[in-house]
1. Select from segment 125-148 the residues that are more than 46 Å from the chain's Cα centre (by Cα) and either under 30 Å from residue 73 (Cα atoms) or assigned to a loop (DSSP other than H, G, I, E, B) (or both) and list them in ascending order.
2. All but one of (1) closer than 30 Å to residue 121 by Cβ; (2) modelled with pLDDT under 75 hold for residue 73; which doesn't?
3. Name the single residue, out of those in segment 73-105 being touching a Gly at 6+ places or on another chain (Cβ under 9 Å) and small (Gly, Ala, Ser), that is surrounded by the fewest Cβ atoms within 10 Å (Cβ to Cβ).
4. Over 30 Å from residue 89 (Cβ atoms), among the aromatic types (Phe, Trp, Tyr), surrounded by 10 or more Cβ atoms within 10 Å (Cβ to Cβ) and at pLDDT 65 or above: does that describe residue 9?
Amino acid sequence: MATSASRTFTLLVSALLVACLSLFLAPAAPAQISNVTDTTSTPIPGVGHDYIQGLSETVNPANGSVSLRIQAPVPPSRGFSIPFFFDYDSNSVHHIEPLEAPYLGQVQWKSNLGAFAQGGWSYSLPALSYNDSELDIALATGVNDGNPVYIIYSCH
């Protein structure tokens, strides 16, 4: 019993000593900046030295892909200004696409095939597009002399 009481007393004295030293030495260790200059001040919007504008990035934590948008300055117009961006998408540099018949079930790597895009970089501006596509589906219906026989169905 005497050892546990002396151990408790030692811990209590140690804690009291640490608390006293912390209070005594606190003025010697300021935690705040005492002199605010241009290197430590918060940027003020609209003054000309504010935050970097026109850069917007997103990182997908699931796969690490990066999406970056850099807004280019455009001159003001009379009615409305058309926005213009330089875009980078790391997941559009190369992507997997399925092959068509007779290679069904196989895939291949493809690059970004946009009109103004290459290597993940592209221009972003308002655009109108139209897509009309047709896909031929080959359905195996039987075997003739050991070779499969297909019927081709066109899907619009």
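1. Residues satisfying the conditions are 145, 146.
2. With respect to (1) closer than 30 Å to residue 121 by Cβ; (2) modelled with pLDDT under 75, residue 73 is out only on (2).
3. Filtering first and then ranking leaves 90.
4. Taking the combined requirement at face value, the residue satisfies it.
Residues are listed down the side, and each one gets a yes or a no for (1) surrounded by 11 or more Cβ atoms within 10 Å (Cβ to Cβ); (2) farther than 22 Å from residue 98 by Cα:
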{"site": "117", "(1), (2)": "yes, no"}
{"site": "121", "(1), (2)": "yes, yes"}
{"site": "126", "(1), (2)": "no, yes"}
{"site": "129", "(1), (2)": "no, yes"}
{"site": "134", "(1), (2)": "no, no"}
{"site": "139", "(1), (2)": "no, no"}
{"site": "143", "(1), (2)": "no, yes"}
{"site": "150", "(1), (2)": "yes, no"}
{"site": "155", "(1), (2)": "no, no"}
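Residues checked against (1) among the aliphatic types (A, V, I, L, M); (2) at pLDDT below 80; (3) in contact with an Asp or Glu (Cβ under 6 Å, 6 or more places away or on another chain); (4) loosely packed, with under 10 Cβ neighbours inside 10 Å:
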{"position": "17", "(1), (2), (3), (4)": "yes, no, no, no"}
{"position": "20", "(1), (2), (3), (4)": "no, no, no, no"}
{"position": "24", "(1), (2), (3), (4)": "no, yes, no, yes"}
{"position": "32", "(1), (2), (3), (4)": "no, yes, no, yes"}
{"position": "40", "(1), (2), (3), (4)": "no, yes, no, yes"}
{"position": "55", "(1), (2), (3), (4)": "yes, yes, no, no"}
{"position": "60", "(1), (2), (3), (4)": "no, yes, no, no"}
{"position": "66", "(1), (2), (3), (4)": "yes, no, no, no"}
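The values are calculated or read from the model by the stated rules, or taken from the named source; none is laboratory data. Every value quoted in this text rests on a predicted model; they were computed, and no experiment measured them. Glycine gets a Cβ as well: all are built from the backbone with ideal geometry, and neighbour counts include every protein chain shown.
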